Amino acid sequence: MKLEISGFHIQVTKDISNFIEKKIKKLNKYFKEIISVYVMLKVEKSRYRTEINLSAKGLNIHGEETDPDLYTSIDRAIDKVVRQSQKYKEKMKSRKRAKKIKRAKELLETVGSSSSETKSLKVKIFSETAKPMEIEQACAQLNSSPNNFLIFLNIETNQVNVIYKREDGNLGLIQPE
């Protein structure tokens, strides 16, 4: 990520630069590939204006704020960019979810039309990713939950595993070779 900080009628000190860098790092959790962030600080009469332009893969976000205090102006401008980033990320998640549901419905239609016996296929879509944990932790979490299975990332093998409740009351583990 390329971070560029400029000042117009203001000297950008090391403290201001460090403050901005620290706050901008919040944005890394919303975007994998931030190309550049351009921060412009301006003094207008007795107010400070902060403008932030973020360029990420396929996206440009702009936020600006004016305040009598420089640090408050920076904080509020970054908060605006963070809110826009959150909104964009949620929008992308809902689009992915809608695509998965559409694919599942298409699959159900093809399965139902190809067989002479119509069987129902229940599709569950999980929006959260597999959490890293040990097998023992997964067993404990599954026993304490009402679900019949749990998808997790095995810490020992670094692969996705599924642990499930069997009909005889024991637990089963599915893991790739």
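The values are calculated or read from the model by the stated rules, or taken from the named source; none is laboratory data. On a predicted model such as this, the values are computed, not experimentally measured, just so you know. Backbone-built Cβ (ideal geometry, glycine too); neighbour counts: all protein chains shown.
Please indicate, with yes or no, whether at least one residue in the range 20-28 is in contact with a Phe, Trp or Tyr (Cβ under 9 Å, 6 or more places away or on another chain) and either within 20 Å of Asp79 (Cβ to Cβ) or not in a strand (DSSP E or B) (or both).
Applying the first criterion (in contact with a Phe, Trp or Tyr (Cβ under 9 Å, 6 or more places away or on another chain)) to the range 20-28 yields none.
No, the conditions are met nowhere in the range 20-28.
For Ile74, state whether it is assigned to a strand (DSSP E or B) and assigned by TED's automatic domain parsing to the domain that holds Ser6.
Numbers: assigned to a strand (DSSP E or B): no; assigned by TED's automatic domain parsing to the domain that holds Ser6: yes.
When the stated conditions are applied, Ile74 does not pass them.
Working carefully through the options Glu33, Glu44, find the one that is modelled with pLDDT under 90 and farther than 30 Å from Thr129 by Cα.
Numbers: Glu33 fails: farther than 30 Å from Thr129 by Cα.
One residue alone meets the criteria, Glu44.
Can we say Ser94 is more than 16 Å from Met1 (Cα to Cα), without any contact (Cβ under 8 Å) to a residue 60 or more places away in the chain and touching a Phe, Trp or Tyr at 6+ places or on another chain (Cβ under 6 Å)?
Values: more than 16 Å from Met1 (Cα to Cα): yes; without any contact (Cβ under 8 Å) to a residue 60 or more places away in the chain: yes; touching a Phe, Trp or Tyr at 6+ places or on another chain (Cβ under 6 Å): no.
No, not satisfied.
Does Ile151 satisfy being surrounded by 13 or more Cβ atoms within 10 Å (Cβ to Cβ), more than 30 Å from Arg47 (Cβ to Cβ) and at pLDDT below 90? Walk me through how you get there before you give the answer.
Working: surrounded by 13 or more Cβ atoms within 10 Å (Cβ to Cβ): yes; more than 30 Å from Arg47 (Cβ to Cβ): yes; at pLDDT below 90: yes.
Taking the combined requirement at face value, the residue satisfies it.
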